[in-house]
Amino acid sequence: MKAANTFALAKPKSGIAVPANDAIPTDLLIGDTWVQGAGERIPVHNPANGEVITTISNASVEDGMAAIAAAEKAAPGWAATPARQRAEILRKCYDKMIANADWLAHLISLEMGKALPDSKGEVLYAAEFFRWYSEETARIRGEMQDSPNGTNKILVQYQPIGISLLITPWNFPAAMATRKIAPALGAGCTVILKPAIETPLTALAVAQIMLEAGVPPGVINVITPKDPGPVCAAIMHDPRVRKMSFTGSTAVGKKLLATASDTVLNCSMELGGNAPFIVFDDANVDDAVDGAMIAKMRNGGQACTATNRFYIQKGVLGEFTEKLTRKMGAMKLGDGTDPDTALGPVITEKQANKIAGLVEGAIAEGAKVALGGSRPNVPGYFYPATVLTDVPADATILKDEIFGPVAAIVAFDSEEEVIRLSNNTEYGLAAYLYTKDIKKGLNIAQKLEYGMIGVNRGLVSDTAAPFGGVKQSGLGREGSHHGLIEFTECRYVAVTW
Ligand code: NAD
């Protein structure tokens with residue numbers, strides 16, 4: 001099926017191989033057709049220079065309704081497709097994504113800005129959701145038990161929940177999409193994907209790969225409205241839609257939960273974070289610095305799991321700060337598609353200015369600058385690697401998601417103090433701690449109010465693990481078997497036989 005409008009990568013500087021048919025559709029995917037939305041097309045920008053890369057179709061409420069109709073038409077056939085066959089199609093999606101990994105990584109760097117190694121890492125992680133769920137799909141178990149009063153049997157089945165709206169952010173444009181699509185399709189649901197308007201090309205490329213891998217038309221639909229509010233609200237209010245899975249900010253998540261309450265729509269919410277990174281005096285400081293580089297600098301700090309607050313015990317404060325500053329200072333800032341770049345631009349001018357404002361605020365509140373601290377005078381949305389020391393424990397920068405390459409370091413004395421400081425937030429997504437005393441580490445992990453805790457590790461994301469937060473960081477889990485169950489309805493049948 002051909003798209004009227006497409007975008008092709010122009011000779012990447014990295015010299016990666018571009019497939020002969022690399023034309024990425026830039027229209028809406030509705031059923032078996034790439035549809036041109038009505039009205040003005042939406043520009044997609046390269047954050048490294050602010051230039052327009054291409055334009056994409058704008059989806060209307062009517063396009064949203066057409067996507068529901070396409071998902072509805074495909075739903076019975078997909079739900080009835082044997083799990084083994086669905087699994088094999090997902091596995092083909094994995095194979096195709098891996099075969100196109102370099103090309104997709106380049107596309108991510110181009111529209112989202114992150115450095116190529118980060119983009120390559122994302123593509124592998126994103127593809128892994130197809131592989132993981134190709135395995136899980138064949139293992140959706142039910143339950144059967146005798147009723148305790150002896151009168152009957154209790155049968156429990158996990159059935160596809162139905163048409164699902166998937167709303168994803170720009171910071172991991174491939175992985176946040178596949179982390180939802182793969183379990184939804186595995187469970188037997190048909191979906192409508194609404195990617196972030198900043199990074200739609202990756203989502204459209206993934207959808208095209210899925211069609212080529214044999215996903216039937218209508219099982220995946222992609223819409224890109226310029227103003228997502230009315231289109232998503234109309235979809236969520238439609239009784240044919242049974243699920244909304246969202247990854248993004250807590251502020252938008254709250255609005256969507258309010259919309260979902262109108263129809264009591266089932267929701268999974270992966271929201272913002274404010275991760276503490278705790279280093280105790282008895283930690284291996286070099287390991288802690290390596291972990292900090294991942295927890296802080298992966299994706300240029302633009303991750304929901306990114307460390308927002310470094311709490312360093314006073315005995316290792318000097319050594320940790322000095323080593324982290326040296327490593328962060330060695331990262332080359334530049335265009336993410338340039339193979340020499342270690343730190344790309346942030347997503348938008350607005351975001352670069354927000355980071356600058358937070359840093360200036362912290363300095364006004366008493367923080368000192370050990371590295372970076374101001375925007376370079378170059379085109380593009382750049383913010384340099386920055387280390388702030390002596391940050392007061394109540395500074396504003398420690399309360400807001402920085403979402404950029406800024407390490408704010410706070411000194412602490414005691415375990416009780418650092419647990420209190422770490423939990424003093426409405427968020428509860430990821431936390432990290434370093435100590436050589438594993439018993440102490442595990443005991444403290446029990447006291448941290450977070451959904452995911454890295455003990456002597458700066459990375460918690462894993463397709464096989466339940467990813468999600470507590471408090472205002474979200475509802476439900478993605479990844480692992482839990483992620484698939486989120487796209488099922490638990491049906492119980494009482495039987496006398
Ligand atoms: P965002 O909330 O601004 O947007 C997320 C998505 O929601 C985008 O597709 C956007 O177009 C859409 N959206 C915005 N307003 C909407 C509305 N009124 N109705 C329907 N859809 C709407 O977030 P972002 O800036 O794209 O992403 C960054 C945020 O995402 C950060 O807060 C980060 O912590 C969070 N995040 C969380 C996770 C997680 O797994 N918990 C993962 C990645 C990012």
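Rule-based calculations on the coordinates, nothing more; no lab input. These numbers were taken from a predicted model, which means no experiment stands behind them. Note that each Cβ is placed from the backbone with ideal geometry, even for glycine, and that neighbours are counted across all protein chains shown.
Over the chain, DSSP H runs of length four or greater, each weighted -39,500 (n - 2.57), average out per residue to a 222 nm ellipticity of -12000 deg cm²/dmol. Structural descriptor for region 37-94: relative contact order 24 percent, calculated from alpha carbon pairs under 8 angstrom and at least 6 residues apart. Determine the percent antiparallel among the DSSP beta bridges restricted to the chain, to the nearest 5. Counting only bridges with both partners in the chain, antiparallel ones make up about 40 percent. Counting neighbouring Cβ atoms within 10 Å and putting the fewest first, the residues Cys267, Cys189 line up as Cys267, Cys189.
With the cut-off at 19 Å, report for region 92-206 the share of all Cα pairs above it, as a whole percent. Of all Cα-Cα distances in region 92-206, 52 percent exceed 19 Å. Quick check: from the Cα gyration tensor, does the chain come out rounded (a/c under 1.5), prolate or oblate? The shape class here is oblate. For region 275-462, the antiparallel share of DSSP beta bridges with both residues in that region comes to about 15%. Residue pairs exceeding 30 angstrom between C-alpha atoms, taken from Lys350/Lys447; Lys120/Lys354; Lys180/Lys323; Lys439/Lys471; Lys153/Lys180: Lys350/Lys447; Lys180/Lys323; Lys153/Lys180. For Asp394, put the label point 7 Å out on the Cα→Cβ axis and report which residues of region 250-293 keep their amide N under 12 Å from it. Counting backbone N atoms under 12 Å from the label point, the list is empty. Descending by average beta-carbon neighbour count within 10 Å, the peptides 249-262, 286-299, 26-39, 446-459 line up as 286-299, 26-39, 446-459, 249-262, the highest first.
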